[in-house]
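Report on one structure; see the data block that follows.
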Amino acid sequence: MKKMESEQNFPGRGRSRSRNRCKQCALSIHLCLCNQFELRTIRTKIVLLTHQKELWKTTNSGRLLQLILNDVDLRVRGKRGHALDLADLVDHHGPKLILYPSTDSVPLTPDLIGSEESALLVVPDGTWRQARKVVSRVGALADFQRVHLKSGAPSRYRLRKSEDPSRLCTYEAVARALGVLESVELQREMESLLDLMVERFLWTRGRLRAKDVQGGIPKAALEEHRRKSMRGQKEESDRASF
Ligand SMILES: [Zn+2]
């Protein structure tokens, strides 16, 4: 009995390959977070440059931005035969910034934008190597002011094991940038969504107990997990009987 209870709260059986996965947040349908947050209207225009290989990874955090922000433009790069065209961004009226820490980048501060203007913030989404490639190859980005975030708390993103905790995932980098360009409240709200998503994924992967997930795990998800565990046990005993 005790075993069943602990299994229910701590799946620990690898990643779910469920076909019932939400296409937006990538969580299973019973864990989906898409309707739990209101879409926020912001002045800043965010353009994500996402490599097509990153696009449908469950650990891609950039996609999550579209769940909470009204103006996120996702441009896919790395498609064979489709060069990334950012020429339209050059005409943006207002400051044009790219989140790209480098020797010539400046700290992102509110005084980089005027009070009347809305900034365009381009964010390379993916690995550092991919970011370097896109910034060096896409001519339209040459005139953008390169900016970096001031150092802050370690990353809250715990889904990619090899990640350096001082390195932020795309989502939290944008949240912190908007903490500067928009409001600290927005940043906090965005970080809450990320925490929820990360904790639910960790539960799915057996790395966090249900009781340690903020707000708990919805009953339907626990029941689904119990059904799967029982199916798994039955398959195991069927195999053993041959
Ligand atoms: Zn969802």
*Extension gain S105-R167, at 0.36 nm per residue separation less the Cα-Cα distance, in nm?*
20.7 nm
*Can you give the relative contact order of segment 73-181 as a percent, counting alpha carbon pairs under 8 Å and 6+ residues apart?*
31
_Cα-projected label distance for R207 with E117, points at 7 Å along beta-carbon direction, nm_ = 4.1
_At 7 Å along Cα-to-Cβ for each site, give me the label-to-label distance between S229 and R40 in nm._
3.6
_Surrounding net charge for D91, when Lys and Arg each add one and Asp and Glu each subtract one, Cβ distance under 15 Å_ = -3
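Just so you know, all these numbers are worked out from the coordinates, no wet-lab data involved. Keep in mind that this is a model prediction, so the values were computed, not measured. Glycine also receives a Cβ, built like all others from the backbone with ideal geometry; neighbour counts cover every protein chain displayed.
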